[in-house]
Amino acid sequence: MMVVAYTLLLLYALPVVVLLIAFAFSSGFALHSQWLEFSVALSGIYFTNTRDALGTFVVPFVTAFSVSRLQPDEGRYHPQTLRLFFVLVGLFLASMLCYSVVSMRVNEFVSQLNESSPGALAETKTRLLNVSAAYVKESLAYISLLLGVAQAANSRSER
Amino acid sequence: MKQAIRTLATMIAAMAVTSAVSAQALRQIVFQVYDADSGEPLAASVSVDGNKIDGGRLTLAQDQESTIAIQVQTTAGASYRPRTFNVFLANFTGTQAIQKIYLAPRGAEGRVYSRGNVARATSYRGQDVDRAVALLERIYEESPSDLHGTQFGVYLRYNLAAALFGNCTEKFVDSCDAAKTMFEELLAEFDDRRAMFEAERIGKNNLTTSDFDGQTLINRYRRAKWDLSRGRYESARDAFQELLSEAEGDARVSAQLKVRVGQLKSDVDLAETRLQSARTAPP
């Protein structure tokens, strides 16, 4: 179950990962790079199609089912649950970093693109900001979901 | 019968005179203004040397010098970026010269420009370099200045400088100095931003080979000739004198100008003679 959860988390977080790779490969969006075009295309398809399904249903569902019960003899979380917790915290920090660099340097990012339509460029700028902000909020929601489910499992074990 | 023939001959003579006068009046520069984005004709106001001209047509006297140097100002309402530039036309001997001017619409507040916009604007260089200049100037002026230090900025400024130089050499617009300044700025940044220049395949030789000084000298000479023809003898004499001094001090000046020192001397003498005649002439 954990492998499935991590794979789905990776798929869900792909735009954030690619945006951060693009940031690194383009010297902070100062250089033109194919990674920039790739991240725009990826965030486009995620924002319009894929992310809704992954973000609102699949990832929280799998995350909740990946929580292992508290070991009865020890008053602490199961290592598998802890690993998932730290992965989600990592995703939250990565999304925070992504949001910060995108909001700070979104004009630099957009200026390096080959697109020339004013409407498409304005839409790309808005979408990049929205996508990176959405990941911050959602990863925080998954952390609270994970803690809530783990606590519930803990309570049941104690009973 | 004789009377009828005489009347007919008089009419024909009158028509010939009218036709000759019309031919003289047709010696004009026509300024056609276009929208730089769409390429469509634009209703715009054109002023030459501070005076608004009707219908965008500047009519010249038949005995006008064939070298023309004028300051053109074009506006087309608040939604377009106005343009002001000097233009130098040499060997204008025909009846009509058409000067196309492109005005770029102002971008919406907060509009973002990209490499795609620069590439599109640059693609007009082969068609009409003035259109490329109008569009690239808009991108340069409406983009945040901190973008000028990115690869986008290098790409934009290099293409703008090249277009300004093209406008100077192909359409005789006085933009060689602006192009030279921009190329010099890029050259000064070259070592610090080598990766950006290399990514754009711009070498130091691309920034240094253009003959800006030669073109500027040619434009100065054309301006002086124009001043002479417009009765501004003193400024014409001073300009010829400066060029003569430079040509006497450095043989390359004469070669770049494509005018011999002897010709410059006679230009100075002519301007001086006309200045003295104007001073001694009764008011």
Testing B:R120 on (1) more than 16 Å from the chain's Cα centre (by Cα); (2) in contact (Cβ under 8 Å) with a residue 40 or more places away in the chain, one condition comes back false. Which one is that? (2)
Pairs needed: first member in segment A:17-43, within 14 Å of chain B (Cβ to nearest Cβ); second member anywhere, charged (D, E, K, R); C-beta distance under 7 Å; at least 6 residues apart or different chains. A:G28/A:R105; A:F29/A:R105; A:F29/A:E108; A:A30/A:E108; A:H32/B:R115
Selected residue (criterion: nearest to the other protein chains (Cβ to nearest Cβ)) from residues of segment B:162-178 that are surrounded by 24 or more Cβ atoms within 10 Å (Cβ to Cβ) and among the aliphatic types (A, V, I, L, M): B:A163
From B:T169, B:T208, residue being over 30 Å from B:G107 (Cα atoms), of a type in the set (S, T, Y) and modelled with pLDDT under 90: B:T208
Qualifying residues in segment B:90-104 (those that are in a loop (DSSP other than H, G, I, E, B) and more than 14 Å from every other protein chain (Cβ to nearest Cβ)) - the one modelled with the lowest pLDDT: B:N91
Where in segment A:1-107 are there helices (runs of 4 or more DSSP H), lying fully within it, with 2 or more residues that are farther than 30 Å from B:Y155 by Cα and under 11 Å from the mean Cα position of the chain (by Cα)? A:2-12
Go through segment B:189-207 and report how many residues are away from chain A (no Cβ under 14 Å), over 26 Å from B:I218 (Cβ atoms) and exposed (fewer than 14 other Cβ atoms within 10 Å of the Cβ). 2
Could you check A:G148 against (1) surrounded by 15 or more Cβ atoms within 10 Å (Cβ to Cβ); (2) at pLDDT 80 or above; (3) more than 14 Å from chain B (Cβ to nearest Cβ) and say which number it fails? (1)
Please pick out the residue among A:V89, A:V131, A:V101 that is touching a helix residue (DSSP H, G or I) at 6+ places or on another chain (Cβ under 9 Å), surrounded by 14 or more Cβ atoms within 10 Å (Cβ to Cβ) and within 21 Å of B:Q151 (Cβ to Cβ). A:V101
Restricting segment B:72-89 to residues that are part of a loop (DSSP other than H, G, I, E, B) and surrounded by fewer than 16 Cβ atoms within 10 Å (Cβ to Cβ), the residue that is nearest to the other protein chains (Cβ to nearest Cβ): B:S79
With the first residue restricted to segment B:126-141 and required to be over 17 Å from B:Y158 (Cβ atoms), and the second required to be among the β-branched types (V, I, T), Cβ contacts under 7 Å at 6 or more apart or on different chains are B:D130/B:I101
Can you confirm whether segment B:105-120 contains a residue that is in a strand (DSSP E or B) and surrounded by fewer than 19 Cβ atoms within 10 Å (Cβ to Cβ)? yes
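Take A:L113 and tell me if it is away from every other protein chain (no Cβ under 14 Å) and in contact (Cβ under 8 Å) with a residue 24 or more places away in the chain. Even if it seems obvious, please write down each step before you answer.
Values: away from every other protein chain (no Cβ under 14 Å): no; in contact (Cβ under 8 Å) with a residue 24 or more places away in the chain: yes.
When the stated conditions are applied, A:L113 does not pass them.
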Just to be sure I understand, how many residues within segment B:133-146 are more than 14 Å from every other protein chain (Cβ to nearest Cβ) and within 14 Å of B:I101 (Cβ to Cβ)? 3
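The values are calculated or read from the model by the stated rules, or taken from the named source; none is laboratory data. Because the structure is predicted, anything quoted here is derived from the model rather than measured. Positions of Cβ are generated from backbone atoms using ideal geometry, with glycine treated the same way; all protein chains shown enter the neighbour counts.
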